[in-house]
Amino acid sequence: MTETIAFLIEKSIVAAGFFVVVLGVVAYATLGERKIAGYFQDRHGPNRAGPWGILQPIADGVKFFAKEDFIPDRADKILFVIAPTFTFMAAGFIMAVIPFGDRLTIFGREVLLQIADINIGILYILAISGLGAYGIVIGGWASNNKYSLMGGIRTSGQLISYEIAMGLAIVALLLDHGTMSLRTIVMQQSGAIWHWSVFTHPIGFMIFLVSAFAEASRMPFDLPEAENELVGGYHTEYSSMKFGLFQFGEYTHMTLASGLIITLYFGGWSIPFVPIPENPGILWGLLTFCAFWAKTLLMMFVFMWVRWTLPRFRYDQLMNLGWKKLIPLGIFNIVLTAGLLLVFQSMGLTN
Amino acid sequence: MDQKRKDPFKKYDLTLMERLYFPAIMKGMGVTLSHFFKKPVTIQYPEQKPEVSHRWRGRHVLKRDEFGRERCVGCQMCELACPADAITIQAGEVPKERRHLHTTERYAITYEIDMLRCIYCGLCEEACPEAAIFLTPYYEFVEDSRDKLIYTKEKLTEKTGGPIFYKD
């Protein structure tokens, strides 16, 4: 009984802690994005609110709350209100299975730095990121605005197309790792730097990366928003904190997509060439936690870098890339991986 | 003549490297990254001020001569030249007790420039036969009402006079 209570307390603290950390990173990702955009364009970016613009996210939050919250007359009120929450929640749920670090021993308890190490982690992520489309589609539909609807429809098309490619990339990865538990996948990538899946699955990584950009509807694939064609896309009619929540959800999605790429392809929390100790102390836990975030922030920088480099795809180009290029490539990658695995196994080499 | 010229509507065939997108994307990423490390070109305005030319056409000034007399004789040439109708002058005869302040017996009783109407073209400067009005590099004049931006003669006339130098 005491064990159960201790477990509950431990998990609550871990979950709350990660939630706060992720929200902090997401809030500052909005500032980071604007800063980085500034530097890419030879500007400074926001630098008026506090030193280096450090209070900008707070100012933005205050602004969002202070704005008039407007619901269009003919909009479906209930769905209209639910949609932004849904987007944010669906993005946030991914957090539950991402391993933010290894274990650490505190007060004689070994604490896993992951909210839930479930054995179907990857399936869970695929399922949840599928849910993310609903928030956007519902938001677009409930607004009773043709541009919003168009943005919503595009989203559904885009997310469904790229989920297949993403799934195929993951299948090849699973063939190699033989497990769906994200923690085990990270463990298998630890040690030498060439154990990282990005080196063993380069094709799969490319497919996954492109799909992740599309899933997070980041720049070359930000058709759901497409400011210049669709006003604002699915969030045209949204104002105040509802709009803020959409934005927040989008950045959460980006942050966690980066975390997922790191977990699957860049060794997650593992530090290259450093073996995992038998009895980890607090220091080891914090180190792995920092390693994870360092890698993730770098990945987020890549997300932003791509955003300020590439222009948006046309819708037919998007579909071409998804269905005619990435999916066949994904299938080829599976066959290739399976073949190579077979050859290696028959030669008596195991991973 | 090659094949492309014969049929102008034929699509340009991309080579394999171009169709892969990837090299081009990498090149583009390189360009943006090189800009990431460049020094921003922004001038942090209220703290830093841009250097403007001494010929910058900003706020007007009404000059005085070496003896501190108003150069303006109220001839209304500037008013006539002004394409935006920003200048309003009421001219009159100089009263006896003010003779020492003016070069001739005609002067501008009121001289108003509506800074909101003014387009800072500098035609008044060109039209002035007495070298009395000039545009200065001063460009920061913000007020909270339109009325305050109608500059009167008192505001426009310089306090002390001197010879006019043509610097360019």
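The values are calculated or read from the model by the stated rules, or taken from the named source; none is laboratory data. Note that this is a predicted model, so its numbers are computed, not measured. Here the Cβ is made from the backbone with ideal geometry for all residues, glycine too, and neighbour counts use every protein chain on show. Quick note on the areas: whole protein, heavy atoms, side chains included, nothing else; ligands and nucleic acids left out. Shrake-Rupley method; radii C 1.70, N 1.55, O 1.52, S 1.80 Å.
Note on A:Ile203 and A:Phe273: with the Förster distance fixed at 25 Å, the Cβ-Cβ geometry gives a FRET efficiency of about 0.45.
The overall shape of chain B is prolate: from the C-alpha gyration tensor, with semi-axes ordered a ≥ b ≥ c, the ratio a/c is 1.5 or greater and a/b exceeds b/c.
Per-residue shielding of A:295-308, expressed as the average number of other chain Cβ atoms within 10 Å of the residue Cβ, stands at 1.
Taking 0.36 nm per residue of separation and subtracting the Cα-Cα distance, full extension of the segment from A:Lys325 to A:Arg43 would add 97.8 nm. Which of the three applies to the range A:202-351, rounded, prolate or oblate, going by the alpha-carbon gyration tensor with a ≥ b ≥ c and a/c under 1.5 meaning rounded? Judged from the Cα gyration tensor, the range A:202-351 comes out oblate (a/c at least 1.5, b/c at or above a/b). Quick check: Cα centre of the range A:1-52 to Cα centre of the range B:13-27, how many Å? Taking the Cα centre of each part, the range A:1-52 and the range B:13-27 sit 37 Å apart. Packing, as the average of other Cβ atoms within 10 Å across residues, places the peptides A:271-280, A:198-207, A:233-242 in the order A:233-242, A:198-207, A:271-280, highest first.
Using heavy atoms of the protein chains and a probe of 1.4 Å, the accessible area assigned to A:Thr4 is about 80 Å². Among the listed pairs A:Lys35/A:Lys242; A:Lys77/A:Lys325; A:Lys67/B:Lys39, those with a Cα-Cα distance over 29 Å are A:Lys77/A:Lys325; A:Lys67/B:Lys39. Among the aspartates and glutamates, which fall within straight-line cross-link reach of B:Lys38, defined as a Cα-Cα distance under 19 Å, with same-chain neighbours fewer than 8 residues apart omitted? Result set, ordered by chain and number: A:Glu33, A:Asp42. Extending 7 Å from Cα along the Cβ direction at A:Val343 and again at B:Thr136 yields two label points whose distance is 8.2 nm. Scanning chain B for cysteines with no neighbouring cysteine C-beta under 4.7 angstrom from their C-beta gives B:Cys72, B:Cys75, B:Cys82, B:Cys118, B:Cys121, B:Cys128. The mean number of Cβ atoms from other chains found within 10 Å of a Cβ in peptide B:25-36 is 4, as a whole number.
Working from Cα pairs under 8 Å separated by at least six residues, relative contact order for the range A:72-346 is 28 percent.
If you wrap the range B:60-156 in the convex hull of its Cα atoms and look at it from every side, the mean projected area works out to 6.3 nm². Each Lys or Arg adds one and each Asp or Glu takes one away; over the other residues whose Cβ falls under 12 Å from the Cβ of A:Ser270, this sums to +1. Rounded to whole numbers, the Karplus 3J(HN,Hα) couplings from phi for the range A:144-152 are 6, 9, 5, 5, 4, 4, 4, x, x Hz, using 6.51 cos²θ - 1.76 cosθ + 1.60 with θ = phi - 60°, and x at Gly and Pro.
How large, in percent, is the carbon and sulfur part of the accessible surface of the range A:130-224 at a probe radius of 1.4 Å? Solvent-exposed carbon and sulfur of the range A:130-224 make up 74 percent of the total.
Expressed to the nearest 5 percent, the antiparallel share of DSSP beta bridges inside the protein assembly as shown is 90 percent. Please label the shape of the range A:1-117 as rounded, prolate or oblate, based on the square roots a ≥ b ≥ c of the eigenvalues of the alpha-carbon gyration tensor (a/c under 1.5 means rounded; beyond that, a/b larger than b/c means prolate, else oblate). Cα axes put the range A:1-117 in the oblate bin. Taking 0.36 nm per residue of separation and subtracting the Cα-Cα distance, full extension of the segment from B:Leu80 to B:His35 would add 11.2 nm.
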